[in-house]
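Each value in this text was obtained by applying a stated rule to the coordinates, not by laboratory testing. Note that the coordinates shown come from a computational prediction; the quantities given were computed from them, not determined experimentally. Note that each Cβ is placed from the backbone with ideal geometry, even for glycine, and that neighbours are counted across all protein chains shown.
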Amino acid sequence: MLSSKTSKINISVEDSFEQYHNRKLVYFNKKTKIYLKNEEINYSIMKENKILIKVVSISLNPIDLLIKNSIPRFSSFERPICSDYAGIIVDVGKVQEEKGWKIGQSVCGNLLNSISKGTAVEYLCIDPDKEPNIVNFDPNVVDYNVAAGWPTVSSIAYVVINGFQRKREKEENKKEDGEKRETLGKEAKSIDEDRNILVIGGSTSVGMIAIQLAKNIGKFNKVVTMCSKEGFGLAESLGADHCVEYHNKQELRQELIRISSDIKYDLIFDCVGNKDLFKYINEIMKPKETGSKYVTIVGDSKSNYEEGFKLRALISPGVRLIGSQLGHHSVNFNYWIQVGKPSDSMWLKDVIELIETGKLKVPVDSVYKFEEFQEAFDRLSKSVAKGKIILRVAETV
């Protein structure tokens, strides 16, 4: 295991790469191990509209293992892994050079199509027009390990927090224009001045970013999170106003209801997988008519990385989602399942600015050499990391 910060990167930036040696992590299916493969790639035949990135660091995400362990054992197709990266541009096609990409720029991002092209490679060749989730950053301000650690988790948290915020702003604009709202004027004003969020899983990678974005862009007055007692200190250091221990269901209910005597939630953001709150949701969440919302990125239960995706796990959340959208009396609150990533780079620019100005921290749990990938994935599978797990691909001096 390495230090959480990268040393000075020793990379030779060439004028062009015609033929280059590349190492990458691949696997075949849920029963095969991930292994390191060597290959030679002819870059000259595909370079005009692409850029070549020397990858310095990549981060691991639970979705990487969930995808791998969902591939049937009879599959014999070689597949890449991982979607986050940070590195240095070492070659630029003419088309992309005209669009402003330059050799020597430090860039980071994540792939929209990580199933066919993974980032666990020494060299990553992409077309920024087709993979727009890429942004340049200042390596003197943001470490490569941090730069690799935030794109996927931030994209999820950003979509939920920013989406909720924009919807509220739209409602406010309608109000100012004199259009009708379902809530009365004075009541709506007090609601907007007292916006609160509950983050379920505040010590998860997505939860840690959500806590901070709730303060920075969500304009939430109070941020409450559910996590283990071991995660209280970290969650509070990132901006959580209250932390609630979730292991004892009865104590959890009592504590949430106690807090809700003063604070009711506009947004409940589930980053772990939970269904216990539905039994008393109306006691802790603001009325549906105010625009309050329950958003999950997991479903009703915590994902088992070893089992992969299970369709049956989507049945209850799916029924609840349909009931919520149709206004069925059995689901008297707004419920949503968030999937996917933003499809443009504007969110990246917003978030990297927060990181560069110190307003958003990306905790790094551990850093491994590229060759230590199995240890890194083993740690990911145990769900014990408090922050991002990083693979450092490039050599350092």
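Quick notes
- Sorting LEU52, LEU267, LEU2, LEU326 by the number of Cβ atoms found within 10 Å of their own Cβ, with the fewest placed first, yields LEU326, LEU2, LEU52, LEU267.
- Packing-based exposure ordering (other Cβ within 10 Å, fewest first) of TYR85, TYR335: TYR335, TYR85
- In order along region 245-253, the Karplus-derived 3J(HN,Hα) couplings, from 6.51 cos²θ - 1.76 cosθ + 1.60 at θ = phi - 60°, round to 6, 9, 5, 8, 4, 5, 5, 4, 4 Hz, and Gly and Pro are given as x.
- Percent of beta bridges antiparallel (DSSP, the chain, rounded to nearest 5): 55 percent
- Percent RCO, i.e. relative contact order, over the chain, from Cα pairs under 8 Å lying at least 6 residues apart: 20 percent
- Using a Gaussian network model of the chain in which every pair of alpha carbons under 10 angstrom is joined by a spring, one finds that among LYS24, LYS117, LYS279 the greatest mean-square fluctuation is at LYS279.
- Of ILE115, GLN105, ILE315, farthest towards positive along the dipole that unit charges on Lys, Arg, Asp, Glu beta carbons give the chain: ILE315
- Tally of Lys pairs whose C-alpha atoms are under 21 Å apart, taken over region 206-283, 8 or more apart or cross-chain: 10
- Cross-link partners of LYS170 among aspartates and glutamates (Cα-Cα below 20 Å; sequence separation of 8 or more within a chain): GLU179, GLU182, GLU187, ASP192, GLU193, ASP194, ASP266, GLU289, ASP350
- Placing +1 on each Lys and Arg Cβ and -1 on each Asp and Glu Cβ, with no other charges, gives the chain a dipole about its Cα centre of roughly 1080 debye.
- The amide H of SER83, built 1.01 Å from its N in the peptide plane, has THR119 as neighbours under 5 Å, considering only residues 5 or more places off or on other chains.
- Using the Karplus relation 6.51 cos²θ - 1.76 cosθ + 1.60 with θ = phi - 60°, the per-residue 3J(HN,Hα) values for region 277-283 come to 6, 5, 5, 9, 4, 6, 7 Hz, with x marking Gly and Pro.
- Protection-proxy order for peptides 223-232, 243-252, each taking the mean of Cβ atoms within 10 Å per residue, highest first: 223-232, 243-252
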